[in-house]
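The values are calculated or read from the model by the stated rules, or taken from the named source; none is laboratory data. Fair warning: this is a prediction, and the values are worked out from it, not measured in the lab. Positions of Cβ are backbone-derived with ideal geometry, glycine not excepted, and every protein chain shown enters the neighbour counts. Areas reflect the complete protein model, heavy atoms only, side chains present, ligands, DNA and RNA absent. Shrake-Rupley method; radii C 1.70, N 1.55, O 1.52, S 1.80 Å.
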Amino acid sequence: MNDWKSSSVVIRHEVGLHARPSVKLTKLAKTFASTIQISGSPEGPWIDAKSIVKVMAMKAKQDSTLYLRASGGDAASAVDALRGLVERDFDEDAAHAASG
Amino acid sequence: MPDLGKMLDVVAERLIAHAEELTALDSAIGDADHGLNMKRGFEAVLADKVNILAKPLPEALKAIGMTLVMKVGGASGPLYGTLFMTLGKELPAEPSLADAARALTAAVEAVKARGKADFDNKTMLDVLGPVARHLGNGSATFDSVRKLAHDRAEATVPMKAIKGRASFLGERSIGHMDPGARSSELMITAICDGLEDKG
Amino acid sequence: MRANDKVGIVIVSHSPDVARGTADMVRQMVGEDVPLGYCGGNPDGGLGTDVAKILKAIDEAWSEKGVAILVDLGGAETNSEMAVEMLDPERQGKVVICNAPIVEGAVMAATEAWGGASLEDVRRTAEELSPQ
C-alpha cells in the first residue's frame, strides 16, 4: 500500500552514522510529515529515520551505503533532503574541525 | 510534654558527633558521605531552631523534614525528610505513646515508598520498622527501645544490600553495618535519652 | 521567553561537571531550541544532589508540554522525586523522571523533544536504551 520514494547515498563521514550525525539525520527526518525509513541494505530491514535510538543503533559505517525511502505527501523532498545531508557530510566540516 | 528544643539539641549533637563514624560505615558500602550529609542537615536544623520551635509540634516536625530535604544532599535527605514530614502530618500537638507508634508506623511506610525499599534490604527501615512495631505493643521502655534499635542496627551487618548504592556491591555488602540503620539507631537512642532526662 | 512547544529536559547529576558536560553535549548535538536545565552537587558544592537546585533547573527548563528529568545515581533519583512532589500540583503531572542512562538519555530525549514529541514519547525514547 505504501508508495515509496527511494534513494541511496554513501556515507563519507569518518565516524559513520554515529552520535552527532544520527541526531542531525533524525532531526531533519522529523521535519517531514512522511514516513521515512533507512536501511543498510536495499532489502531492509528498514528502520524509522525519526527514531534517534534506532538510527544510532544502526551504527552505519564510513563508506557504507545508506538506503532511504519515504512515503507521504512530502516524500520526495524528504528523500532529497536526507540524501543531501549525508552527501554534505552532515554539514560537519566546520563543527568537526572546531571540536577536533 | 517533652521539650522539643532540647530533643533537637540532643539528636543533632549525637548525629554530628558520630559524623565520622557514619561516613566510615558509608565508605565501606556507599559513597562515604552519609555522616557529612547528616551533619550538614542537622546543622541546618539547629541554625533554624528558633523558627522551628516557634511552631506547634506537627509543623515543627514538618519544618525539620523540609530542612533535611533541602540541605542533606544525598538520598538520606529525602528519606529522613520524608520520615519527619510524615511524623508531622500524623502526630497531634500533644501526642501519646500510642500516637507516636501509629505516626512512626505511617512514617516508616512513607520512607519505604520514597526509597522503594522493603524490610531486610539492609537499610534504615530495618531499625525504624521494628521500633515502630515495638512502640505499638505497649510494653516499650526507654531501655527496651534503645536495645532494640541497637540490635536491629547490628542485625544489618550480615544482610546483603539490595537497595541504594550498597546494592551494587552485592555479596560484598555483607559484613558491614548499614550507615542509615546506624544513623537511625543514633537518632532513636538520642530521643530516648532526651525524653528520659526530661521524664 | 522561548516558545513552550517542546518538552524541556533536566539533567541531575551528583557532579556539577557531569551535569554541565551533559548539557553541553545536548546543546552541541541537538541545539538551543529545547528548554534545558541542569544541576549537580550537594548544597556545599561537593558530590551529591540538591532539591533546591533541582527545583530551579526544572523551572529553567519549564515547558507547558512537560519536563523530562535524567538522573545518574540513586540519590539523584530520590531527590528528583522529592523535588517533583514539591512542585505546584498542576505542574507535578507534567514532570517525569526517565529510567535511562544520563548522557545518552539526555541526548536522545532532547532529540525527540526537538521534534515536538509529547512528554510520554520523550520518556519512551530515553527509556528505549534501558534493559527492560
Helices (runs of 4 or more DSSP H) fully within the stretch B:1-60 counting 2 or more residues that are farther than 20 Å from residue B:194 by Cα: B:19-29, B:34-47
statement: Selection from the stretch B:90-116 of residues within 13 Å of another protein chain (Cβ to nearest Cβ), open to solvent by 10 Å² or more (accessible area, probe 1.4 Å) and either modelled with pLDDT of 95 or more or outside any loop (DSSP other than H, G, I, E, B) (or both) yields B:110, B:112, B:113, B:114, B:115
task: Confirm whether residue B:184 is more than 14 Å from chain C (Cβ to nearest Cβ), polar (S, T, N, Q), without any contact (Cβ under 8 Å) to a residue 12 or more places away in the chain and not in a loop (DSSP other than H, G, I, E, B).
output: no
message: If I ask for residues that are out of contact with any Gly (no Cβ under 8 Å at 6 or more places or on another chain), farther than 16 Å from residue A:7 by Cα and either buried (at least 20 other Cβ atoms within 10 Å of the Cβ) or polar (S, T, N, Q) (or both), which ones from the stretch A:32-58 would you list?
response: A:51, A:52, A:53, A:55, A:56
- prompt: Looking at (1) open to solvent by 50 Å² or more (accessible area, probe 1.4 Å); (2) touching a His at 6+ places or on another chain (Cβ under 7 Å), which is the one condition that is false for residue A:67?
  reply: (2)
- request: Return the pairs, sorted by first residue and then second, in which the second residue is exposed (fewer than 14 other Cβ atoms within 10 Å of the Cβ), the first residue lies in the stretch B:136-157 and is more than 17 Å from residue B:97 (Cα to Cα), the beta carbons are less than 7 Å apart, and the residues are 6+ apart or on different chains.
  value: B:157/B:175
- prompt: Here is a list of conditions, (1) open to solvent by 60 Å² or more (accessible area, probe 1.4 Å); (2) within 24 Å of residue B:176 (Cα to Cα), and residue B:78 meets all of them except one; can you say which number that is?
  reply: (1)
task: List every residue pair whose Cβ atoms sit under 9 Å apart, with the two residues 6 or more apart in sequence or on different chains, where the first one lies in the stretch C:107-124 and is at the interface with another protein chain (Cβ under 8 Å from one of its Cβ atoms) and at positive phi and the second, anywhere, is modelled with pLDDT of 95 or more and open to solvent by 50 Å² or more (accessible area, probe 1.4 Å).
output: C:116/C:65
Selected residue (only one of C:17, C:5, C:44, C:24 is touching a helix residue (DSSP H, G or I) at 6+ places or on another chain (Cβ under 7 Å) and open to solvent by 10 Å² or more (accessible area, probe 1.4 Å)): C:44
